[in-house]
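Heads up, the thing below is written out as structure tokens.
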């Protein structure tokens with residue numbers, strides 16, 4: 001948890017796990033192919049790559065003098081595009097996701113709002129059908145359940161009450177205007193719970209949560225969330241793009257949330273890659 005004193009608001013930092021790294025060998029082979037200089041490699045598996053390829057050995061070399069020379073002396077970074085890293089990011093914000101998508105530096109697969117909104121919808125339906133349409137108790141129940149779901153990067157409850165109120169009001173707007181709201185939002189096999197537990201928000205919510213969830217709630221609910229909404233994503237960078245990302249995002253000029261993500265990604269980036277893209281880690 002990090003407190004931003006200027007706004008007196010607390011945020012959670014993302015968690016980053018390195019899923020895979022492709023190794024440096026393919027990048028060196030690409031460079032050696034350009035110069036036809038396989039015999040000059042300090043790595044035996046690269047020397048013999050054209051006659052007897054050992055993929056495991058190639059993918060596990062720890063350093064390459066040629067790649068270092070190309071990266072730092074000749075600034076020939078296209079070669080290192082042949083090496084890639086994939087990260088699992090948990091708990092960053094939709095605001096950070098927007099920045100990642102806007103700059104198009106990597107492949108992104110992100111947690112879908114359409115397929116993962118069921119708990120929010122269930123809490124809303126339980127609040128109205130249990131406590132009554134637009135009663136203070138309805139929103140109080142909705143607020144309590146959404147706080148428990150831990151869906152936001154900002155954690156300050158006073159701020160979240162405003163955020164969750166906005167989500168509630170947007171859902172209420174749809175509920176009043178869409179006669180098919182419940183059938184669009186709740187799995188067919190769970191609709192009977194609404195009548196069975198009418199007047200009891202707690203029991204209705206529990207039943208909806210334990211019942212079959214409607215996975216695809218459609219696009220109508222996507223707009224209810226803000227940049228404060230937490231997302232999980234898998235991102236794959238080639239090393240040249242990762243260098244650009246760290247140069248721009250792991251700096252004091254970048255938005256603090258994306259700085260946090262860059263910092264956490266750098267922590268799990270193996271040293272052999274950092275030596276090619278980070279001056280701080282460069283091996284002289």
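Treat the count of other C-beta atoms within 10 Å as a stand-in for reagent exposure and order 195, 99, 137, 129 from fewest to most.
Least to most surrounded, the residues fall as 195, 137, 99, 129.
Under the 0.36 nm per residue contour assumption, what length would be gained going from the current alpha-carbon distance of residue 267 and residue 232 to full extension?
Result for the pair: 10.8 nm of gain on full extension.
Angle check, please: helix 94-103 long axis (alpha carbons) against the longest principal axis of the chain (alpha carbons), in degrees 0 to 90, nearest 10.
40 degrees
Taking the Cα centroid of region 20-70 and of region 118-137, what is the distance between the two, rounded to the nearest whole Å?
60 Å
Helix 239-249 against the longest principal axis of the chain: what's the angle in degrees, Cα atoms only, rounded to the nearest 10?
The angle comes out at about 60 degrees.
Using Cβ contacts closer than 10 Å as the measure, can you line up 231, 225, 26 from fewest to most?
With the fewest neighbours first, 231, 225, 26 line up as 26, 225, 231.
Would you calculate the separation in nanometres between label points at residue 170 and residue 101, each defined as 7 Å from the Cα along the Cα-to-beta-carbon direction?
So the label points at residue 170 and residue 101 sit 1.3 nm apart.
What Kirkwood radius, in Å to one decimal, follows from the Cα pairs of region 118-224?
It works out to 13.8 Å.
Fewest Cβ neighbours within 10 Å first, please rank 38, 237 accordingly. Show your work: numbers first, answer last.
Values: 38 17, 237 23.
Placing the least packed residue first, the sequence is 38, 237.
Gain in length, residue 223 to residue 177, computed as 0.36 nm per residue apart minus the alpha-carbon separation, to one decimal in nm?
So the chain would gain 15.0 nm between residue 223 and residue 177.
Using helices alone, what [θ] at 222 nm do you get for the chain, with -39,500 (n - 2.57) per DSSP H run of 4 or more residues, divided over all residues and rounded to the nearest 500?
Taking each H run of at least 4 residues, the total per residue is -14000 deg cm²/dmol.
Quick check: the angle from helix 157-177's long axis to the longest principal axis of the chain, C-alpha only, nearest 10 degrees?
60 degrees
Every number here is computed from the coordinates shown, using simple stated rules; none is lab data. Keep in mind it's a predicted model, so treat the numbers as computed, not measured. Neighbour counts are summed over all protein chains in view; Cβ atoms, including those assigned to glycine, are modelled from backbone coordinates with ideal geometry.
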